[in-house]
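A quick write-up on the structure given underneath.
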Amino acid sequence: QLHSDQDKGDGSLKYILSGDGAGTLFIIDEKTGDIHATRRIDREEKAFYTLRAQAINRRTLRPVEPESEFVIKIHDINDNEPTFPEEIYTASVPEMSVVGTSVVQVTATDADDPSYGNSARIIYSILQGQPYFSVEPETGIIRTALPNMNRENREQYQVVIQAKDMGGQMGGLSGTTTVNITLTDVNDNPPRFPQSTIHLRIPESSPVGTAIGSVKATDADTGKNAEVEYRIIDGDGTDMFDIVTQKDTQEGIITVRKPLDYETRRLYTLKVEAENIHVDPRFYYLGPFKDTIIVKISVEDVDEPPVFSRSSYLFEVHEDIELGTIIGTVMARDPDSASSPIRFSLDRHTDLDRIFNIHSGNGSIYTSKPLDREISQWHNLSVIAAEINNPKDTTRVPVYVRILDVNDNAPQFAVFYDTFVCENARAGQLIQTISAVDKDDPLGGQKFFFSLAAVNPNFTVQDNEDNTARILTRRNGFSRHEISTYLLPVVISDNDYPIQSSTGTLTIRVCACDSRGNMQSCSAEALLLPAGLSTGALVAILLCIIILLVIVVLFAALKRQRKKEPLILSKEDIRDNIVSYNDEGGGEEDTQAFDIGTLRNPAAIEDKKLRRDIIPETLFVPRRTPSAPDNTDVRDFINQRLKEHDTDPSAPPYDSLATYAYEGNDSIAESLSSLESGTTEGDQNYDYLREWGPRFNKLAEMYGGGESDKDTS
């Protein structure tokens, strides 16, 4: 309440209020000066308000006293409960932690005035989560309350924390929050194999690196605390097998380290250990953090291919060995207990020329063709070994054959030498330096000797002892008009055993040279040609000569072709139907040239067919004659046919000449032609021969002329 000393209670003064909340939150009675709150005041919104009050004359509105300022302070009451900033907290603590290990701290706030009473004094307590965890009342720190809490038994915990003001006394307000606590893993569990022994099997043919099987130790821990490393620590197969740790599956993969052999050993025993990689020293007392297992591996038998005694073979042989000489032997065996016999063969793709062969039973390789180091110094063969009982199961081995050199080639000139000597050469003048080559390759290197096959009065050879020689003249002056070319045989020999030598002939031309020894001309005929005749003219003359020779040859060939005449014995020979077979008969012993059965069995003769060597028109109908009786002699058959044709007026002389080129003139055999067998006295008319064309003119003249002569006589 406000009151002025000037207020006499007659209502002449008026009280007015200004400042924080004046007119809204606070109002003043104008007559009495009482200040009232218009609504509920919350200290948490504003703890104090500053107001100004003044008394004025109601009629004049003039202040009767100076304005006064005062503060309204709001006294706190416990009307706010403690609150947590998070509804749910998440925390973690390692398992096996000691009692009192701090997990997390939670803090609640109270909007009440902490300086006035206990309204803002908060005490923490645990409503849920005992006996595993506890909370400090004053600080709100949550701690472990039980020792050796094991994550493998329980991993998740939910703790409810209460914050209460008024110091936790009765009537205080409270708030709660939830804390989800997770036990994190520590390496407190060693790896353990589920069994003490396992049995694995593998075929003996498995290559190195093949996985046989796996072992796995279980670990209740997680993450890196469960990582395990496997190793073979003992057993009789430590050198035959390896074990590799598979990181993603934490398994130990057992693999083959060396080739297996059922016949050598059939069972191996390994002792495999699994150990944690990351061990916490705090938990050594829970160890040891490793475990072992016995692994038994049985090797299974398979039908293995043959095995050679070596991975490759190298044989050396001289090139002059005789055919069939054994150059070496390969050996192979069946590794199986059955020990099947082995058959050897050569892969012909590696010996296309079939120079070598192999004994299929004992593997001996021998030569089947001559060897020549100069053609091929190395031969790379492939020998195949197969079991006789199982030919499909094979093994190959490379065989390298080196051909050793033998001095079997004579040295020869290295190149072709175009040698000339000047007409004005002097004795002892060098005209050529020669060298030689040899296909052989002696160990000490090539060494050649040069000499003349015979003493030569014109030239000599001087050996330089460095596989070259010089050709020197022995006299002064040479004349190309007398001798234009000299042949000089040079003997070249080597120094290997046996000594080989050859004779090479140098062709030395005599040439005209200038004063410096440069060749100008080597042709003796060149001196006889006119001085003005050029090279082009010589070429033209040579072409003319060649053309003339070609014309002469063609003319001779054409003339020779025209001289070929039909094989007619004489002008009077009327047999102008010539059939040339261009082959030779087989003589009397040739029984395949014709069918003799046709002559012996005339009944089998088919009807006559039209001839193809005359005009096909049929002038007379042929009459069929009875066939000769069976088993008639050939001579009787021919005589009968001859008689029939002699008496047949419609049978012109259809003669054909077949030349076999083995019977000469004046044959003792009589002619079978019907021209000379005219025994009939009857007249015949042969005028129809003229109608047959020019090819029968000769017959028409002979037969027609004969008749006319007979008539005139």
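The values are calculated or read from the model by the stated rules, or taken from the named source; none is laboratory data. Just so you know, these numbers come straight off a predicted model, no measurement behind them. Ideal geometry is used to build each Cβ from the backbone, glycine not excepted, and the neighbour counts take in all protein chains shown. Accessible surface areas use protein heavy atoms only, side chains included; no ligands, DNA or RNA. Shrake-Rupley method; radii C 1.70, N 1.55, O 1.52, S 1.80 Å.
Sorting the segments 330-340, 314-324 by their mean number of nearby beta carbons within 10 angstrom, highest to lowest, gives 330-340, 314-324.
About its Cα centre, what dipole magnitude does segment 412-521 give when the only charges are +1 on Lys and Arg Cβ and -1 on Asp and Glu Cβ, stated in debye to the nearest 20?
So the dipole magnitude of segment 412-521 works out to roughly 560 debye.
Taking a quarter of the surface of the Cα convex hull of segment 13-73 gives a mean projected area of 4.0 nm². Using the 1.4 Å probe convention, the accessible area of segment 307-404 works out to 55 Å² per residue with neighbouring protein chains retained.
Relative to the Cα centre, the charge distribution of segment 13-73, modelled as +1 at Lys and Arg Cβ and -1 at Asp and Glu Cβ, gives a dipole magnitude of about 240 debye.
Summary of the geometry: segment 206-281 and segment 187-202, compared by the centres of their Cα atoms, lie 10 Å apart.
Can you tell me, using C-alpha contacts under 8 Å and at least 6 residues apart, the relative contact order of segment 88-184 as a whole percent?
Relative contact order here is 37 percent.
Over all orientations, segment 412-521 has a Cα convex hull whose mean projected area works out to 7.2 square nanometres. Between I41 and H481, the simple spin-label model (points 7 angstrom out along Cα→Cβ) gives 16.4 nm. The charge dipole of segment 197-300, taken about the Cα centre with unit charges on the Cβ atoms of Lys, Arg (+1) and Asp, Glu (-1), comes to about 80 debye, rounded to the nearest 20.
Protection proxy ranking of 24-32, 544-552, by the mean of other Cβ atoms within 10 Å over each peptide's residues and highest first, is 24-32, 544-552. The three principal axes of the C-alpha atoms in segment 197-300 carry coordinate ranges of 52, 24, 18 Å, sorted with the longest axis first. Toward the positive end of the charge dipole of segment 412-521, about the Cα centre and with charges on Cβ (Lys, Arg +1; Asp, Glu -1), which of Q446, S479, A414 goes farthest? Of the candidates, S479 comes out farthest on the positive side. Projecting the Cα atoms of G140, N150, G172 onto the charge dipole of segment 88-184, computed from C-beta unit charges around the Cα centre, puts N150 farthest toward the positive end. The candidates T238, T245, T144, arranged from most to least accessible area with a 1.4 Å probe in the full protein assembly, appear as T238, T245, T144.
Over segment 412-521, Cα pairs under 8 Å with separation of 6+ residues give a relative contact order of 32 percent.
With both labels modelled 7 Å from their Cα along Cα-to-Cβ, the E263 to D320 distance reads 4.4 nm. Translational diffusion coefficient of segment 307-404 (Stokes-Einstein, Kirkwood radius from Cα pairs, 4 °C, 1.567 mPa s): 94 µm²/s.
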